[in-house]
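Okay, structure first, notes after.
Throughout, read-outs are computed from the coordinates displayed, never taken from laboratory work. This is a predicted model, so every value here is computed, not measured. Reconstructed Cβ throughout: ideal geometry from the backbone, glycine too, with neighbour counts over all protein chains shown.
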Amino acid sequence: MAKVYDVIIIGSGPSGYTAAIYAARANLSVLMFQGYETGGQLMQTTDVENYPGFEEGILGPDMMEKFEAQARRFGTEMLTEDVTAVDFNQRPFTLTANSGEYRTRAVIISTGASAQWLGLPSETRLKGRGVSACATCDGFFFKKKDVAVVGGGDTAMEEANFLTRYANHVTVIHRRDSLRASKIMQDRAFKNPKISFVWDTEVAEVLGDEEVNGLRLSNLKTGEESTLPVQGLFLAIGHKPNTDLFKGVIDTDKAGYIVPSEFTTTNIPGVFAAGDVTDHRYRQAVTAAGDGCRAAIDVERWLEAQAEAERSTEGNEAGQERRPLRMNRTRNNEKPILTAGKMAELRRESRELRA
Ligand SMILES: Cc1cc2nc3c(=O)[nH]c(=O)nc-3n(C[C@H](O)[C@H](O)[C@H](O)COP(=O)(O)OP(=O)(O)OC[C@H]3O[C@@H](n4cnc5c(N)ncnc54)[C@H](O)[C@@H]3O)c2cc1C
């Protein structure tokens, strides 16, 4: 029969690896599906300067290599593929990937969220070299520089306002002639003297060889093209949580983020969730890692409670057999070793005698 893991972790970002480190160190058998985007979102960035423990900062991919090595050290098995289907209807749960089916007592979903990009080749080429999807992460690198933010929702306004702490000037570029953001966020942005707006416009190309030095803009109403000299471009056009696989099975909010029932538990007992897949607010490596730790501890305690419950059920079943044994103690009070079959035979004999 196929091996049943104690826990399978889906996803290899900071939350998945941290969950693996904790779960494997707690002596659980752990399998991780790293997914085709092994290492998660931080593989797309250069310097990470806000993760504690790296006082000089560290490149995103180097950091994720360290996370992986630490998780491997404690015995986590890893597969570099995506989970393509899950069956949470009965325990042990079954997860399917290209290489086959895998069974597990518990699952941690740490599939993260994907930032939405414009899809321009020039944008992809300059990711981490002036193009970013996270102002909290990268704003610091744009001290006294001119930057642009693309988007018109609350996140875009929040990012624009945040960036004015560092940047010389922030230009918000929006496809429409009005914002989707809440009134309070709009007011804050309109009042900020370091923010200006370019309406009805999209980015046609990100300019620069090694680093961003400008944007080619296209006015959607007039078709007119212009150049905006900036050193940074921040995309704030949304994030998509990677939860399609769990649609209709795991409770999510309207945007698709998993809504934990309590702590890191989901609506399915034995299935836990951690990291950006549950978090549209903080979206940081350190919060994702913290969440992975919480999920692993929750799994450990849940498995322990399950084992305890199984032991007490077995005890009760055995107890039904033992009860008559106490009644049938020998004269010298030794416990006779009686099987269930022998007990049934004795009961039948006793009934026959009484009859
Ligand atoms: C450009 C950029 C720069 C950033 N810079 C910083 C920074 O400087 N500091 C900071 O703290 N944060 C930064 N962040 C945010 C940070 O990367 C995230 O908060 C963090 O990675 C979230 O971790 P996670 O484990 O929840 O998910 P993710 O990192 O998103 O990882 C998700 C994992 O799930 C896997 N996966 C998805 N679906 C499946 C499936 N079906 N089967 C198997 N695996 C699957 C993927 O392959 C991936 O490995 C940045 C983000 C971006 C986009």
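Just how many % of Cα pairs in the range 121-235 lie over 17 Å apart, if you round to the nearest whole percent?
Numbers: 3263 of 6555 pairs.
Result for the distance tail: 50 percent.
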Taking the Cβ of Ile9 as the centre, find all other residues whose Cβ is under 14 Å away and add up their charges (Lys, Arg: +1; Asp, Glu: -1).
-4
Provide the gained length on full extension for the span Arg311 to Val286, in nm with one decimal, where the gain is 0.36 nm per separating residue minus the Cα-Cα distance.
5.2 nm
Once the other residues with Cβ under 11 Å from the Cβ of Ser218 are scored (Lys, Arg +1; Asp, Glu -1), what is the net sum?
-2
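Once Rh for the range 242-310 is found with the Kirkwood sum over Cα pairs, what is the Stokes-Einstein diffusion coefficient at 37 °C and 0.692 mPa s, in µm²/s? Provide the component values of the computation, followed by the final result.
On the way: Rh = 12.6 Å.
Estimated via Stokes-Einstein, D reaches 261 µm²/s.
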Cut-off 10 angstrom, C-alpha nodes, Gaussian network model of the chain. Which of Asn267, Asn242, Asn192 fluctuates the most?
Asn192
Relative contact order for the chain, counting Cα pairs under 8 Å that sit 6 or more residues apart, in percent:
18
Quick check: pseudo-label points 7 Å beyond the Cα along Cα→Cβ at Arg72 and Tyr36, how many nm apart are they?
2.3
Computed D for the range 66-185, Stokes-Einstein, Kirkwood radius over alpha-carbon pairs, 25 °C, 0.890 mPa s, to the nearest µm² per second, is 134
Nearby lysines by direct alpha-carbon distance to Lys194 (threshold 22 angstrom, same-chain neighbours under 8 apart not counted)
Lys143, Lys144, Lys145, Lys183
In vacuo Debye scattering of the range 179-236, one point per C-alpha: log10 I(q)/I(0) at q = 0.23 Å⁻¹?
-1.02
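Checking a compactness column here: for the chain, what do you get for Rg(Cα) / (2.2 N^0.38 Å), N being the number of residues? Can you show the working numbers first?
Working: Rg = 28.5 Å, N = 355, 2.2 N^0.38 = 20.5 Å.
That works out to 1.39 for the chain.
Report the gain in length on full extension from Arg125 to Lys254: 0.36 nm times residue separation, minus Cα-Cα distance, nm rounded to one decimal.
So the extension gain works out to 43.2 nm.
Where Rh denotes the Kirkwood radius from the mean inverse Cα pair distance, what is Rg over Rh for the range 192-322?
Values: Rg = 25.2 Å, Rh = 19.6 Å.
Here the Rg-to-Rh quotient is 1.29.
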Looking at the range 115-211, which chymotrypsin sites (Phe, Trp or Tyr not before Pro) are in a loop (DSSP not H, G, I, E or B) and have at most 15 other Cβ atoms within 10 Å?
Trp117
Gain in length, Lys221 to Lys183, computed as 0.36 nm per residue apart minus the alpha-carbon separation, to one decimal in nm?
11.2 nm
Binning every alpha carbon pair distance of the range 1-140 at 5 Å from zero, what are the percents per bin?
2, 10, 18, 19, 17, 13, 9, 7, 4, 1, 0
Cα axis of helix 340-354 to longest principal axis of the chain: angle in degrees, 0 to 90, nearest 10?
40
